[in-house]
Structures are given as structure tokens and as C-alpha cells.
Amino acid sequence: MAVRVGALTPIAEPLFELCNLSPWPTLERAKLVIDVASAQLQLRPELAEIVSDQPLITIPLGPMVARLREQLLAASDDREQTSLRFPPMPISASASARGGRL
């Protein structure tokens, strides 16, 4: 089945919203189901069975999330996070029970 990229325009914004609302671990174990005819998106568990009378596009997200994570980690620099000016200090058990307040 061939799909013109322009046919996906109606679902572009909902696709980004769906991905932004979903934590990465959820996306990594999910598949995206696209019903182009009705411009519907579903995020389903990767092992869930999909039954439909309509043609659907199913995209496993695990490989994409893994590649994106690798690229983001490769692009980050260890020096980006600076050291604290003051080293962390241990707090007593009683202060810990008060939420760390002295």
C-alpha cells in the first residue's frame, strides 16, 4: 500500500501531541496505528492485536525511540552539566523525616 506524505497532513499535529503526552518507556513498548481514511491515531501496546475492516498503517515505535535516544545521548556533552558549587551534604534521619528541612 502506498501513501502520499501529503495524506498524513491531517494527523501531523495530533501525532506530535500524542507523542508529547506519552512517556518514552510507553512509546518504546507501543505501536502507532494510523487510520488514514478517518485521520485517527491510536497508541497500542506492541503485542496488541489490531482488527479492522479498514486499511491501517502500523508502526512499531520501539526501534525509532531507541535510535532517537542513541542520537540524543551521542549529541550530549558530559560537560553540559556543571558541578554544584557546594557539595551535597548528608542530613540526619530526623531532618529527613521532615522533608530535609533542618
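The values are calculated or read from the model by the stated rules, or taken from the named source; none is laboratory data. Quick caveat, the model's predicted, so the values are computed rather than measured. Glycine also receives a Cβ, built like all others from the backbone with ideal geometry; neighbour counts cover every protein chain displayed. Just so you know, the surface numbers come from the protein's heavy atoms only, side chains and all, with ligands and any DNA or RNA stripped out. Shrake-Rupley method; radii C 1.70, N 1.55, O 1.52, S 1.80 Å.
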Condition met for ILE91 (within 22 Å of PRO25 (Cβ to Cβ), at pLDDT below 90 and surrounded by 10 or more Cβ atoms within 10 Å (Cβ to Cβ)): no
Some residue of the range 65-85 being open to solvent by less than 90 Å² (accessible area, probe 1.4 Å), modelled with pLDDT of 90 or more and assigned to a loop (DSSP other than H, G, I, E, B): no
Qualifying residue in the range 36-48 (condition: modelled with pLDDT of 90 or more, over 22 Å from ARG69 (Cα atoms), surrounded by 10 or more Cβ atoms within 10 Å (Cβ to Cβ) and in contact with a helix residue (DSSP H, G or I) (Cβ under 6 Å, 6 or more places away or on another chain)): yes
Filtered residues of the range 1-11 (kept if hydrophobic (A, V, I, L, M, F, W, C) and either within 17 Å of MET64 (Cα to Cα) or surrounded by 11 or more Cβ atoms within 10 Å (Cβ to Cβ) (or both)): VAL3, ALA7, LEU8, ILE11
Condition met for VAL33 (in contact with a Ser or Thr (Cβ under 6 Å, 6 or more places away or on another chain) and either among the basic types (Lys, Arg) or at pLDDT 90 or above (or both)): yes
Search result, residues across the range 32-57 that are in a loop (DSSP other than H, G, I, E, B), among the hydrophobic types (A, V, I, L, M, F, W, C) and either touching a strand residue (DSSP E or B) at 6+ places or on another chain (Cβ under 8 Å) or in contact (Cβ under 8 Å) with a residue 40 or more places away in the chain (or both): VAL36, ALA48, ILE50, LEU56
Hits in the range 12-25 - residues which are open to solvent by less than 60 Å² (accessible area, probe 1.4 Å) and either polar (S, T, N, Q) or in contact (Cβ under 8 Å) with a residue 24 or more places away in the chain (or both): PRO14, LEU15, LEU18, SER22
